[in-house]
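Only one structure is covered here, and it is reproduced in the block below.
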Amino acid sequence: MRADDATVKETSGRSIDTAEVEKFERMAAEWWDSQGKFKPLHMLNPVRLDYIVTRIASRFGRDRGHEAPFSGLRLLDIGCGGGLLSEPMARLGAEVVGADAAARNIPVARLHAEQSGLRIDYRHTTAEALAEQGERFDVVLNMEVIEHVADPADYLRSVRELLRPGGLHICSTLNRNAKSYAMAIVGAEQVMRWLPKGTHDWRKFITPEELFEMMRAAGLRPIDRMGMVFNPLTWSWRLSERDLSVNYVTASVRERDPQ
């Protein structure tokens with residue numbers, strides 16, 4: 001079903017923070033400009049993709065060397081933006097639904113997918129609305145979204161409902177400490193001006209321990225976490241098992257329901 005159908009125009013949701021949505025509405029047209037406001041995500045994307053592809057392949061026993069290793073898997077990209085993650089997932093063979101609460105992101109994402117020859121079901125909707133409609137997925141990507149929602153714990157309960165039993169949830173966000181304030185707020189927004197001032201609210205950052213606790217409470221079992229570390233000397237990102245001090249990514253699964 002397309003996002004211009006009435007059933008997927010519903011964007012109300014308990015987790016929606018209207019002010020946060022409006023921030024990304026204003027930047028919608030710049031998603032595919034690698035030197036624009038989303039430059040940090042373009043730089044981070046290869047590292048995010050490496051983690052996502054590795055975890056999906058491991059969870060579902062897929063060979064990354066195959067032409068379409070994720071064929072047969074249904075994947076939801078929550079907060080899809082312009083499609084920076086949705087498109088590579090579609091190229092790997094997954095059936096992709098991209099959802100975003102910011103309406104202006106959807107036509108940008110659709111147009112780029114069409115120009116790239118990709119079939120992706122982009123929808124202007126929320127996690128809560130999709131769960132209420134009975135949508136279910138093998139994989140849910142929740143990347144750089146949870147720090148922008150009104151109620152992370154409630155939001156994760158909706159994410160859990162969206163997963164089929166045994167399904168995989170991948171979530172990335174920002175740690176909350178002095179270093180993350182210096183790097184993400186002062187550095188990225190005020191000094192480097194990679195992002196407009198006010199893009200992030202440090203008070204909404206979540207420590208890995210807090211995130212794992214909320215996941216368990218929502219019915220998700222954490223299975224992995226890694227840091228994503230920026231090196232200003234090489235101007236590149238890498239994954240780290242030890243350094244989760246600023247950006248980090250996690251994997252969790254929905255336990256199979258009792259028989």
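The values are calculated or read from the model by the stated rules, or taken from the named source; none is laboratory data. All values reported here derive from a predicted model rather than from experimental measurement. Positions of Cβ are backbone-derived with ideal geometry, glycine not excepted, and every protein chain shown enters the neighbour counts. When the accessible area is computed, the model is the full protein with side chains, heavy atoms only, and any ligands, DNA or RNA have been set aside. Shrake-Rupley method; radii C 1.70, N 1.55, O 1.52, S 1.80 Å.
Mind ranking THR234, THR126 by accessible surface for me, highest first, 1.4 Å probe?
On the way: THR234 85, THR126 5 Å².
So, going from the largest accessible area down, we get THR234, THR126.
Less than 12 Å from a label point 7 Å out along the Cα-to-Cβ axis of ILE223: which backbone N atoms in segment 61-81 qualify, by residue?
Output list for this probe position: 61-62.
Multiply the residue separation of GLN133 and SER240 by 0.36 nm, subtract the distance between their alpha-carbon atoms, and state the gained length in nm to one decimal.
Taking 0.36 nm per residue and subtracting the Cα distance, the gain is 34.8 nm.
What order do you get for 40-48, 160-168 when each peptide is scored by the mean count of other beta carbon atoms within 10 Å, highest first?
So the peptides 40-48, 160-168, ranked by packing, come out 160-168, 40-48.
Determine, from the Cβ-Cβ distance of SER71 and LEU49 and an R0 of 22 Å, the FRET efficiency 1/(1 + (r/R0)^6), rounded to the nearest 0.05.
It comes to 0.80.
Quote the Stokes-Einstein diffusion coefficient, in whole µm² s⁻¹, for segment 93-225, based on the Kirkwood radius over alpha carbon pairs, a temperature of 37 °C and a viscosity of 0.692 mPa s.
This corresponds to a translational diffusion coefficient of 200 µm²/s.
Using protein chains only and a probe of 1.4 angstrom, how many square angstrom of ASP63 are accessible, to the nearest 10?
Around 80 Å² of this residue is reachable by solvent.
Just to be sure I understand the model, the point goes 7 Å from the Cα along the line to the Cβ. What's the resulting ARG256 to ARG203 distance in nm?
4.5
Pop the C-beta distance of LEU233 and SER116 into the FRET formula with R0 = 35 Å and round what comes out to the nearest 0.05.
0.55
Could you work out the local net charge near GLU210, counting Lys and Arg as +1, Asp and Glu as -1, over the other residues with Cβ closer than 15 Å to its Cβ?
Net charge around GLU210: 0.
If DNA, RNA and ligands are ignored and the probe is 1.4 Å, what is the ranking of LEU211, LEU239 by accessible area, most exposed first?
LEU239, LEU211
Set the Förster distance to 35 Å, then compute FRET efficiency between ASP151 and LYS179 from the Cβ-Cβ distance, nearest 0.05.
0.85
Obtain the nm distance between the two label points defined at GLU210 and ARG104 by a simple spin-label model: each point lies 7 Å from its Cα along the Cα-to-C-beta direction.
Result: 2.9 nm between the two label points.
At 1.4 Å probe size, what's the solvent-accessible area of ARG74? Round to the nearest 10 Å².
Number for this one is 30 Å².
Only bridges whose two residues both fall in segment 18-254 count here: according to DSSP, what percent of them are antiparallel, nearest 5?
The antiparallel fraction comes to roughly 50 percent.
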